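Chemist: The structure that follows is given in the form of structure tokens.
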Amino acid sequence: MLILNELNSQTARILNEIILNAGIILWPSGGVYGLACDATNNAAVSKIYELKQRDCGKPLSIIANKNTAYNYACIPDTASKIINEYWPDFIGIIVPKKPAIKDFVTAGKSTIGLVCSSIFNEFLADNILMPLASTSANLSGEKEIIDTATAIKTFENKVEAIIVYDHNNGCLNTLIEFDEQNNFKIIREGKYSLAELKNKLALQ
């Protein structure tokens with residue numbers, strides 16, 4: 001396992017080589033550690049499900065930022081408000097997906113979750129050549145992984161690289177699902193409550 005300590009052009013080159021060869025990386029969201037791979041590669045996505053022991057009926061998310069989100073999904077006005085006002089922050093959106101995102105990433109669902117919680121999301125979204133499918137790095141049913149030592153212990157010799165970061169705060173994304181008619185509902189309440197979002201964004 002490669003240990004990567006900085007976000008720079010050399011890190012981007014190394015990660016691209018790994019991702020383009022169906023490899024898996026461990027990355028810090030600022031809240032918890034996650035697993036990520038090439039979202040267009042079925043074998044790589046299947047490996048993440050196997051490593052995490054994740055139910056194949058549960059979709060993965062896509063690492064995005066303000067520049068890339070619209071490549072992957074049809075984003076209604078209310079979701080665009082969240083992207084523009086909050087990202088990067090601990091709030092993810094679930095929106096109708098575009099054909100660029102394959103059904104094996106979304107477990108056959110017509111929607112995709114987009115997340116942009118930190119500078120790490122932004123770096124990966126801007127510098128990796130392929131869309132990245134991701135999920136939290138904890139084994140299914142176990143506690144989320146915050147610290148680097150636990151991440152390495154859990155996935156050493158199982159993934160190709162880890163981006164080291166020891167300041168994850170354990171925060172989880174609030175997840176809001178939108179449809180094409182601007183209707184929305186909270187799927188998971190994390191950092192932000194629905195009341196806070198309505199107040200900030202004047203959502204109806």
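The values are calculated or read from the model by the stated rules, or taken from the named source; none is laboratory data. Keep in mind that what you see is a predicted model, and the values were worked out from it rather than measured. Here the Cβ positions follow ideal geometry from the backbone for every residue, glycine too, while neighbour counts run over all protein chains shown.
Chemist: Of all residues being of a type in the set (F, W, Y) and at pLDDT 90 or above in the stretch 169-193, which is surrounded by the most Cβ atoms within 10 Å (Cβ to Cβ)? Just the residue, please.
Modeler: Quick first cut of the stretch 169-193, residues of a type in the set (F, W, Y) only: 178, 184, 192.
If we keep only those that are at pLDDT 90 or above too, we end up with 178, 192.
Numbers: F178: 23, Y192: 18.
Applying the filter and picking the extreme gives F178.
Chemist: If you don't mind, another one. Tell me which of these K200 doesn't satisfy, since it passes every other one: (1) surrounded by fewer than 14 Cβ atoms within 10 Å (Cβ to Cβ); (2) basic (K, R); (3) part of a loop (DSSP other than H, G, I, E, B); (4) modelled with pLDDT under 95.
Modeler: Result: K200 passes all but (3).
Chemist: Which number in (1) of a type in the set (G, A, S); (2) closer than 26 Å to S9 by Cα; (3) free of Cβ contacts under 8 Å to residues at least 60 places away in the same chain marks the one condition that A125 misses?
Modeler: Only one criterion is unmet by A125, namely (3).
Chemist: If I ask for residues that are of a type in the set (A, V, I, L, M) and at pLDDT below 95, which ones from the stretch 76-99 would you list? Before you say what the answer is, go through the steps one by one.
Modeler: Going through the stretch 76-99, the residues of a type in the set (A, V, I, L, M) turn out to be 79, 82-83, 91, 93-95.
Matches in the stretch 76-99: A79, I82.
Chemist: Name the single residue that is surrounded by the fewest Cβ atoms within 10 Å (Cβ to Cβ) among those in the stretch 133-150 being part of a strand (DSSP E or B) and either among the polar types (S, T, N, Q) or at pLDDT below 95 (or both). Even if it seems obvious, please write down each step before you answer.
Modeler: Keep residues of the stretch 133-150 that are part of a strand (DSSP E or B), which gives 133-136.
Subset that is either among the polar types (S, T, N, Q) or at pLDDT below 95 (or both): 134-136.
Details: S134: 25, T135: 22, S136: 20.
Within the stretch 133-150, the match that is surrounded by the fewest Cβ atoms within 10 Å (Cβ to Cβ) is S136.
Chemist: Restricting to the stretch 37-48, count the residues that are surrounded by 19 or more Cβ atoms within 10 Å (Cβ to Cβ) and either touching a Pro at 6+ places or on another chain (Cβ under 6 Å) or under 12 Å from A107 (Cα atoms) (or both). Walk me through it before giving the result.
Modeler: Here is the first cut: in the stretch 37-48, the ones surrounded by 19 or more Cβ atoms within 10 Å (Cβ to Cβ) are 37-39, 41, 44-45, 48.
Next, only the ones that are either touching a Pro at 6+ places or on another chain (Cβ under 6 Å) or under 12 Å from A107 (Cα atoms) (or both) stay: 39, 45.
Number satisfying all stated conditions: 2.
Chemist: Go through the stretch 156-194 and count every residue that is hydroxyl-bearing (S, T, Y), in contact (Cβ under 8 Å) with a residue 60 or more places away in the chain and either part of a loop (DSSP other than H, G, I, E, B) or in contact with a Pro (Cβ under 8 Å, 6 or more places away or on another chain) (or both). Lay out the reasoning, then the answer.
Modeler: Of the residues in the stretch 156-194, the ones hydroxyl-bearing (S, T, Y) are 165, 174, 192-193.
Cutting the leftovers down to in contact (Cβ under 8 Å) with a residue 60 or more places away in the chain gives us 165, 174, 192.
From what's left, either part of a loop (DSSP other than H, G, I, E, B) or in contact with a Pro (Cβ under 8 Å, 6 or more places away or on another chain) (or both): 165, 192.
So the count comes out to 2.
Chemist: Let me ask you something else. Does A22 satisfy the condition of being on the phi > 0 side of the Ramachandran plot, modelled with pLDDT of 95 or more and surrounded by fewer than 22 Cβ atoms within 10 Å (Cβ to Cβ)? Walk me through it before giving the result.
Modeler: On the way: on the phi > 0 side of the Ramachandran plot: yes; modelled with pLDDT of 95 or more: yes; surrounded by fewer than 22 Cβ atoms within 10 Å (Cβ to Cβ): yes.
It is true that A22 is on the phi > 0 side of the Ramachandran plot, modelled with pLDDT of 95 or more and surrounded by fewer than 22 Cβ atoms within 10 Å (Cβ to Cβ).
Chemist: Failed condition for E122, given (1) assigned to a helix (DSSP H, G or I); (2) charged (D, E, K, R); (3) over 15 Å from the mean Cα position of the chain (by Cα), with all others met?
Modeler: Unmet condition: (3).
Chemist: Given the conditions (1) free of Cβ contacts under 8 Å to residues at least 12 places away in the same chain; (2) of a type outside the set (G, A, S); (3) within 19 Å of K52 (Cβ to Cβ); (4) part of a strand (DSSP E or B), which single one is not true for K153?
Modeler: So K153 meets the others, but not (4).
Chemist: Take the conditions of a type in the set (V, I, T), at pLDDT 95 or above, over 25 Å from I82 (Cβ atoms) and in contact with a strand residue (DSSP E or B) (Cβ under 7 Å, 6 or more places away or on another chain) and apply them to V115. Does it pass? Quick ask: steps written out before the conclusion?
Modeler: Working: of a type in the set (V, I, T): yes; at pLDDT 95 or above: yes; over 25 Å from I82 (Cβ atoms): no; in contact with a strand residue (DSSP E or B) (Cβ under 7 Å, 6 or more places away or on another chain): yes.
For V115, the condition - of a type in the set (V, I, T), at pLDDT 95 or above, over 25 Å from I82 (Cβ atoms) and in contact with a strand residue (DSSP E or B) (Cβ under 7 Å, 6 or more places away or on another chain) - is not met.
Chemist: Being in contact (Cβ under 8 Å) with a residue 12 or more places away in the chain and farther than 10 Å from A64 by Cα is the filter here; which residues of the stretch 102-119 pass it? Can you show your working first?
Modeler: Kept after step one, since they are in contact (Cβ under 8 Å) with a residue 12 or more places away in the chain, are these residues of the stretch 102-119: 102, 104-107, 109-119.
K102, F104, V105, T106, A107, K109, S110, T111, I112, S118, I119 - these are the residues of the stretch 102-119 that are in contact (Cβ under 8 Å) with a residue 12 or more places away in the chain and farther than 10 Å from A64 by Cα.
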